[in-house]
Ligand SMILES: [Zn+2]
């Protein structure tokens with residue numbers, strides 16, 4: 001993770017970079033930011049920067065062996081502690097971070113802005129009482145007593161220390177105050193007020209500002225190839241949280257699926273009352289959402305076509321969509337699906353040229369209905 005991978009936050013980034021460049025590295029720091037902020041991402045970028053063998057003035061190189069291993073989360077000098085709870089196969093004293101390392105790596109590779117509930121569902125937590133246990137604090141003390149292997153600094157990132165059991169917190173007080181040389185504690189928290197004052201007093205507080213709307217929009221256009229208009233709208237709703245923005249994207253897609261599925265059914269049965277209601281819904285959408293909806297419909301028809309001759313293709317669809325696509329592909333001939341696709345594409349073309357939306361959508365519904373039921 002490089003600083004450049006995190007949108008915006010230029011001031012926070014240069015503060016961290018300057019501390020390293022000026023040799024003002026605090027051995028215990030608290031990265032405090034709201035849920036969905038860049039606190040964990042910045043801690044990772046900071047770790048890479050401080051250990052990079054070829055860093056520039058404003059970022060790590062992303063190429064050297066330290067960068068590469070930190071990026072893959074496999075660097076022997078970068079350790080993580082995070083809240084965990086028991087699963088079907090991991091119980092009792094084994095409920096410590098190291099037992100979940102494989103899951104943690106896959107989770108963190110894809111989720112730098114997630115919350116505890118995202119992590120818990122990723123590894124299949126059996127109960128909600130995830131914490132950082134006393135056993136964990138023993139492991140921390142043990143592993144930090146070893147010298148660093150390859151990097152200049154050994155870094156321990158404690159994600160969500162607010163879930164640390166008080167006995168665990170007490171267990172690390174001493175090493176937190178006097179860590180071995182070239183050892184850094186980066187505590188990444190959403191709620192520092194829940195931390196014991198004895199922990200707080202040993203850490204330097206670094207406040208991570210929330211993203212502004214432009215940062216969130218940039219993240220969405222860059223990572224999801226979303227068009228700028230839609231990204232901007234979602235960013236405003238997300239209030240500085242990339243996590244919230246990503247969740248909104250998911251639910252917007254769910255909405256599109258339900259609307260599309262019902263609409264296809266209405267066309268098929270020529271249920272004019274419902275088609276009229278769908279028409280109202282479509283009319284009330286803004287132009288961007290209308291376009292996205294038609295694009296979604298075109299994609300689903302294409303997937304239905306593909307499902308006719310490719311059984312196991314790994315499509316990026318959720319279960320419900322997968323089920324729909326398979327059934328739709330079975331119910332309609334290739335010719336019919338291709339005709340529907342053509343109509344949808346034509347509608348998208350006319351929508352772009354400011355056609356009357358009500359007439360366009362009604363006409364489209366009737367034509368699709370006719371294609372579906374033709375002999
Ligand atoms: Zn590097």
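Listed values, structure above:
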quantity: Some residue of region 118-136 being in contact (Cβ under 8 Å) with a residue 40 or more places away in the chain, in a loop (DSSP other than H, G, I, E, B) and on the phi > 0 side of the Ramachandran plot; calculated: no
quantity: Members of region 216-242 found to be part of a helix (DSSP H, G or I) and surrounded by fewer than 20 Cβ atoms within 10 Å (Cβ to Cβ), listed by number; calculated: 218, 221, 222, 223, 224, 228, 229, 232, 233, 236, 237
quantity: Criterion (part of a helix (DSSP H, G or I), away from the ligand (no atom under 16 Å from the Cβ) and either at pLDDT 95 or above or not assigned by TED's automatic domain parsing to the domain that holds residue 206 (or both)) met by exactly one of 40, 30, 44; calculated: 40
quantity: Residue in region 50-66 that is more than 23 Å from residue 208 (Cα to Cα), touching a helix residue (DSSP H, G or I) at 6+ places or on another chain (Cβ under 8 Å) and assigned to a helix (DSSP H, G or I) present; calculated: yes
quantity: Yes/no for residue 21 being within 24 Å of residue 181 (Cβ to Cβ) and either within 13 Å of the ligand (Cβ to nearest atom) or not assigned by TED's automatic domain parsing to the domain that holds residue 180 (or both); calculated: no
quantity: All positions within region 67-95 that are part of a loop (DSSP other than H, G, I, E, B), within 15 Å of the ligand (Cβ to nearest atom) and touching a residue at least 60 places away in the same chain (Cβ under 8 Å); calculated: 75, 77
quantity: Qualifying positions in region 140-172 - in a helix (DSSP H, G or I) and either crowded, with 17+ Cβ neighbours inside 10 Å or at pLDDT 95 or above (or both); calculated: 140, 144, 161, 162, 163, 168, 169, 171, 172
quantity: Pick from region 97-113, criterion crowded, with 19+ Cβ neighbours inside 10 Å and in contact (Cβ under 8 Å) with a residue 24 or more places away in the chain, ranking: farthest from residue 211 (Cα to Cα); calculated: 97
quantity: Residue match in region 263-274 (condition: outside any helix (DSSP H, G or I) and either over 21 Å from the mean Cα position of the chain (by Cα) or not assigned by TED's automatic domain parsing to the domain that holds residue 38 (or both)); calculated: yes
quantity: Yes/no for residue 57 being within 16 Å of the ligand (Cβ to nearest atom) and over 22 Å from residue 194 (Cβ atoms); calculated: yes
quantity: Test set (1) closer than 27 Å to residue 301 by Cα; (2) under 21 Å from the mean Cα position of the chain (by Cα); (3) free of Cβ contacts under 8 Å to residues at least 24 places away in the same chain - residue 236 fails condition number; calculated: (1)
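The values are calculated or read from the model by the stated rules, or taken from the named source; none is laboratory data. Keep in mind it's a predicted model, so treat the numbers as computed, not measured. Because the Cβ atoms are built from the backbone with ideal geometry, glycine has one as well, and the counts that use them run over all protein chains shown.
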